[in-house]
Each structure stands twice: as structure tokens, then as C-alpha cells.
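The values are calculated or read from the model by the stated rules, or taken from the named source; none is laboratory data. Being a predicted model, the structure only gives us computed values, none of them experimental. In this analysis, Cβ positions are derived from the backbone assuming ideal geometry, glycine residues included, and neighbour counts consider all displayed protein chains.
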Amino acid sequence: MTEQDKSVGLRARLVAAGVELLALEGVHALTLREIARQAGVSHGAPRRYFATHAELLAAIAGHGFGELANALGLDAPPPSSVSAAAARHRLDELARGYLAFAAEQPGMFELMFRHDVLEGSGAELRRTSLPLFEAVTRLVAAIRPSAGERDGDGERDGGRERDGGRDRDGGPDGEGAGDGPPPTVVAAALWANLHGLAQLRAWGSLRLATGGDSVEPVLRATLDAHLGRDAG
């Protein structure tokens, strides 16, 4: 085995040790000394392979993002087109998968979004979450495209095509099917709600607020609020 192979192997071993330690004890346990102990190496070994503590934590968080992408099926290429009904079904799956990951791996979920802890890692982990956001945005666009993105040669006013004071879809001003924020904004709001729901459940606040442990009623209300009521 070459020195390079040994280096790669030890890096992977340190990350794996961090992942295991995170699952057992949570984010607070991820000190360099504890990760080294879990990996069975000297406490100074991590410094030879990761310039900073944040860089090692970012590598552990990157592993989590990979697991999340795999769990949500984001590694498959997106379809070129999808019906509104199929998009709504897929978004339901993504939402439940996201909440399940948060519940099953609370330590990893916390670390992945602790940008204060990961600051200065150089890993740009914010970009690692983009595939999830882009997938949600595409699906939202299939369900409720914004007025500003509709085709047509009519005059646009504030993102709506106008015709004698009415939208082209026949509804009065402000009531057209294409009205509302663009898919990126809806996707961001939906993601924020899902993340908040995951956090409230983890902290025990959801039970305090709703009187129950099930996220289903709140999840359904969240999806309906952002996407419209599901006819199915």
C-alpha cells in the first residue's frame, strides 16, 4: 500500500469514526481527541490529514449529505417533465424522507446544518444541499408555476398577463392560477417549514404544541398550505 493509499484510508477511517461517534453521543462529542480515540489513532493524527477541526467536521457532514441524497433518491437524474399529480406525490415522498432522516439520525442532521460549527471549513457545504433544493424547486414548478414563467405573448404586469383588468386564465386580478411567488421562493418556504418541523419534533416541542407525536397532520397542513390541497 502506498503512502497516498494509507493517507486516504486514514482520512476515511477518521470520518467513519466521527460518523459513529455522532450517532452514539451527538455533535458535542466531536472533539479531535474523541474522534482520534474512536478511530484508534493518536490524538494528533487528525491534524496530519485535516488542517482544522472544522475541516474534519465538514467531511463528516458531507458524508451525511451523501446519505440523505441517497435516501431521497437524488442521485438519479431528474425526469425531463413530470405531471402535477406525479410531482405532488414525489414531493410527499421527499418531505417524509427528509423528516425520517432527521428522526433516525438526529446528530448527523444537526451537524449538517450547523454552519456556525462548520464555518471556515472550506467545504462550501451550503452548496452540498443544492441538489435537494433544486429537486424541490422543479417539483413545485410542475405543481404551481409562477405567473412570471407562463408562456404567452400578452402584456405582463407584475408577473401576470393582463387582458382588460383580468388574468388570461379568466380569473380576476390577484386570483389567477399563476399568481403568487416563483417556485424558488415556494420551495425555500416549504423547506424551511419541513426543517422547522423536524427540529420541533426533535426538541419535543411538537408534542407540546399539538398534543401528539405524529407529524402527519402538521406535514399535511404544510404541504397543502404551500402547494394547494391534494385532490388524492
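Would you confirm, using the coordinates I've provided, whether residue 62 is touching a Leu at 6+ places or on another chain (Cβ under 9 Å) and more than 19 Å from residue 196 (Cα to Cα)?
For residue 62, the condition - touching a Leu at 6+ places or on another chain (Cβ under 9 Å) and more than 19 Å from residue 196 (Cα to Cα) - is met.
Determine whether residue 85 is outside the structural domain of residue 187 (by TED's automatic domain parsing), among the aliphatic types (A, V, I, L, M), modelled with pLDDT under 95 and over 17 Å from the mean Cα position of the chain (by Cα). So that I can check it myself, show each step before the final result.
Details: outside the structural domain of residue 187 (by TED's automatic domain parsing): no; among the aliphatic types (A, V, I, L, M): yes; modelled with pLDDT under 95: yes; over 17 Å from the mean Cα position of the chain (by Cα): yes.
It is false that residue 85 is outside the structural domain of residue 187 (by TED's automatic domain parsing), among the aliphatic types (A, V, I, L, M), modelled with pLDDT under 95 and over 17 Å from the mean Cα position of the chain (by Cα).
For the stretch 165-207, which positions are at pLDDT 80 or above, aliphatic (A, V, I, L, M) and either farther than 19 Å from residue 101 by Cα or touching a helix residue (DSSP H, G or I) at 6+ places or on another chain (Cβ under 9 Å) (or both)?
The answer is 185, 186, 187, 188, 189, 190, 194, 197, 198, 200, 202, 206.
Do any helices (runs of 4 or more DSSP H) entirely within the stretch 27-136 hold 3 or more residues that are of a type in the set (Asp, Glu), and if so, which?
Of the helices (runs of 4 or more DSSP H) lying wholly inside the stretch 27-136, those with at least 3 residues that are of a type in the set (Asp, Glu) span 84-104.
At pLDDT 90 or above, surrounded by 13 or more Cβ atoms within 10 Å (Cβ to Cβ) and more than 30 Å from residue 143 (Cβ to Cβ), is that true of residue 54?
It is true that residue 54 is at pLDDT 90 or above, surrounded by 13 or more Cβ atoms within 10 Å (Cβ to Cβ) and more than 30 Å from residue 143 (Cβ to Cβ).
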